[in-house]
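Colleague: Below is a structure I'd like to ask you about.
The values are calculated or read from the model by the stated rules, or taken from the named source; none is laboratory data. Small disclaimer: the values here were computed from a predicted structure and weren't measured. Virtual Cβ from ideal backbone geometry, glycine too; neighbours counted across all protein chains shown.
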Amino acid sequence: MWLPIVGLIVGIAAGFLLDLRVPQEYTSYLSIALLAGLDTIFGGIRSYLEGMFNVRIFMSGFFFNTLFAAGLAFLGAFLGIDLYMAAIVAFGVRLFNNLAVIRRILLSNWLSQRD
Amino acid sequence: MKNLVRKRKITFILTLISAIIGIMLATQLQSNLTPKVTESRSITELRGTLLKELEKSKSILSDISKYDQLNYQYETALNDRESIAVMKEELQRAKKLAGLVPLEDRGIVLRIEDNDSAPTPVEYPTERGNLPPSGESSGVVLDDDLRWLVNEMLANGAKAISINGNRLISTSSIRNVGDEIQVDTKTIQPPYEIKALGEPETLISGLKLEGVENFFLQSVNKQIVMEEREHLVIPAFTGEKTIRFMTPVKAKGDS
């Protein structure tokens, strides 16, 4: 279980070392993609805790969500529709939902272990 | 055994994905934190400088149009150079006539000097009976005498006259103020020296015909010395000259 955390730290370090920079106009798309990725991660953790974890669903969800979120926001900017906001709201709500579910599961697991 | 392999695979995938998320996070942080401040500031700065430059270019454009106009004026003036030369000539002529420029030409110098020979009794000539018959007149040259001389010179074709270096112009006056004579507002002291431009012979013979020498000798006991000069310089009028009470009358058809 500690390997993914190590991977996260290594990724952050690599990102800082690579010194990648996105132009000002495109930071919003990257943030959307990041939000989608985080949402997928939390969804994965939740499904793992619920015992319904599927690697294929998880992987496809991660890549599809990030790419489509960014792509749709990009398209929306061209069409004059603020899909960016819609994606932010949708992923944000799902993220917090997942967090709440994870917390509840962890809490019930901990309580049942204590009893 | 199979379960272990699968679990490892899942862990590997999770690690990979969290690494990707980490890279994205770092990129987002970096592009959000450092450049955002400087770039947003530079945009406002750019707007300000753009506005300034626009203003500058506007003023430069107006300058260009101004100088174009000036250039056009100069070019037309170049075409009218002849008329400007005529105007300059005219101005020079007007200045000469008004006595504002020094002049040089042939002329005479007339000096009124004390007579060293024996004084002769004072005797007014009949034609100059308007002189004040006071004893003071003997030995003292009066404004009347100078006016007479100047008038005779002008009548005999003098073009420009100066008394002791004071140029006479059309509005000049010669008068007694106390014991002294003033030309315009400048006091002159004897010995008096009158310079006049003109044909020397005409001037001298005209003065002699009037009996100037005789008169001065008899009435004020002074000697008149007249000299011909080939190059006589008459200075310019140096007093103040303001145009007042002088408005040209505009005739009809005059532009």
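Colleague: Any residue at all in the stretch B:30-45 that's within 14 Å of another protein chain (Cβ to nearest Cβ), in contact with a Gly (Cβ under 9 Å, 6 or more places away or on another chain) and either polar (S, T, N, Q) or loosely packed, with under 10 Cβ neighbours inside 10 Å (or both)?
Modeller: Yes - at least one qualifying residue is present in the stretch B:30-45.
Colleague: While we're on this one: Just to be sure I understand, how many residues within the stretch A:50-67 are in contact (Cβ under 8 Å) with a residue 24 or more places away in the chain and surrounded by fewer than 16 Cβ atoms within 10 Å (Cβ to Cβ)?
Modeller: 2
Results for (1) facing chain B (nearest Cβ under 9 Å); (2) touching a helix residue (DSSP H, G or I) at 6+ places or on another chain (Cβ under 7 Å); (3) among the charged types (D, E, K, R); (4) loosely packed, with under 15 Cβ neighbours inside 10 Å, shown as yes or no for each residue.
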residue: A:Leu8; (1), (2), (3), (4): yes, yes, no, no
residue: A:Gly11; (1), (2), (3), (4): yes, yes, no, no
residue: A:Leu20; (1), (2), (3), (4): yes, yes, no, no
residue: A:Pro23; (1), (2), (3), (4): yes, no, no, yes
residue: A:Ser31; (1), (2), (3), (4): yes, yes, no, no
residue: A:Ser47; (1), (2), (3), (4): no, no, no, no
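Colleague: Is it the case that A:Leu75 is within 19 Å of B:Ser18 (Cα to Cα) and surrounded by fewer than 19 Cβ atoms within 10 Å (Cβ to Cβ)? Can you show your working first?
Modeller: Details: within 19 Å of B:Ser18 (Cα to Cα): no; surrounded by fewer than 19 Cβ atoms within 10 Å (Cβ to Cβ): yes.
So A:Leu75 fails the test.
Colleague: Next question. Quick one: B:Asn130 ticks every box in (1) surrounded by 14 or more Cβ atoms within 10 Å (Cβ to Cβ); (2) modelled with pLDDT under 85; (3) closer than 17 Å to B:Leu149 by Cβ bar one, so which box is it?
Modeller: (1)
Colleague: Another question, if that's okay. With respect to A:Leu111, determine if the residue is at pLDDT 85 or above and more than 19 Å from B:Ile20 (Cβ to Cβ).
Modeller: yes
Colleague: Of A:Ala100, A:Ala33, which residue is hydrophobic (A, V, I, L, M, F, W, C) and in contact (Cβ under 8 Å) with a residue 24 or more places away in the chain? If you could, list the steps in order and put the result at the bottom.
Modeller: Details: A:Ala100 fails: in contact (Cβ under 8 Å) with a residue 24 or more places away in the chain.
Every option except A:Ala33 fails the conditions.
Colleague: State the number of residues belonging to the stretch A:33-45 that are of a type in the set (Gly, Ala, Ser) and within 7 Å of another protein chain (Cβ to nearest Cβ).
Modeller: Of the residues in that region, 2 qualify.
Colleague: Could you list, in sequence order, the residues of the stretch B:167-181 that are without any contact (Cβ under 8 Å) to a residue 24 or more places away in the chain and outside any loop (DSSP other than H, G, I, E, B)?
Modeller: Hits for the stretch B:167-181 are B:Val177, B:Glu180.
Colleague: Out of everything in the stretch B:106-116 that is outside any loop (DSSP other than H, G, I, E, B) and exposed (fewer than 15 other Cβ atoms within 10 Å of the Cβ), what residue ends up being modelled with the highest pLDDT?
Modeller: Going through the stretch B:106-116, the residues outside any loop (DSSP other than H, G, I, E, B) turn out to be B:106-114.
Imposing the further condition that a residue be exposed (fewer than 15 other Cβ atoms within 10 Å of the Cβ) reduces the set to B:113-114.
Details: B:Glu113: 83, B:Asp114: 79.
Among those residues, the one meeting the criterion is B:Glu113.
Colleague: Okay, moving on. Considering only the stretch A:88-107, I want to know if a residue exists there that is more than 14 Å from every other protein chain (Cβ to nearest Cβ) and among the polar types (S, T, N, Q).
Modeller: Checked against the condition, which is being more than 14 Å from every other protein chain (Cβ to nearest Cβ) and among the polar types (S, T, N, Q), the stretch A:88-107 yields at least one hit.
Colleague: Which of the residues that make up the stretch B:214-226 are outside any loop (DSSP other than H, G, I, E, B) and farther than 19 Å from B:Leu154 by Cβ?
Modeller: The answer is B:Asn214, B:Leu217, B:Gln218, B:Ser219, B:Lys222, B:Gln223, B:Val225.
Colleague: B:Leu70 - would you say it is surrounded by 10 or more Cβ atoms within 10 Å (Cβ to Cβ) and not in a helix (DSSP H, G or I)?
Modeller: Details: surrounded by 10 or more Cβ atoms within 10 Å (Cβ to Cβ): yes; not in a helix (DSSP H, G or I): no.
Considered against the rule, which asks whether it is surrounded by 10 or more Cβ atoms within 10 Å (Cβ to Cβ) and not in a helix (DSSP H, G or I), B:Leu70 comes out as no.
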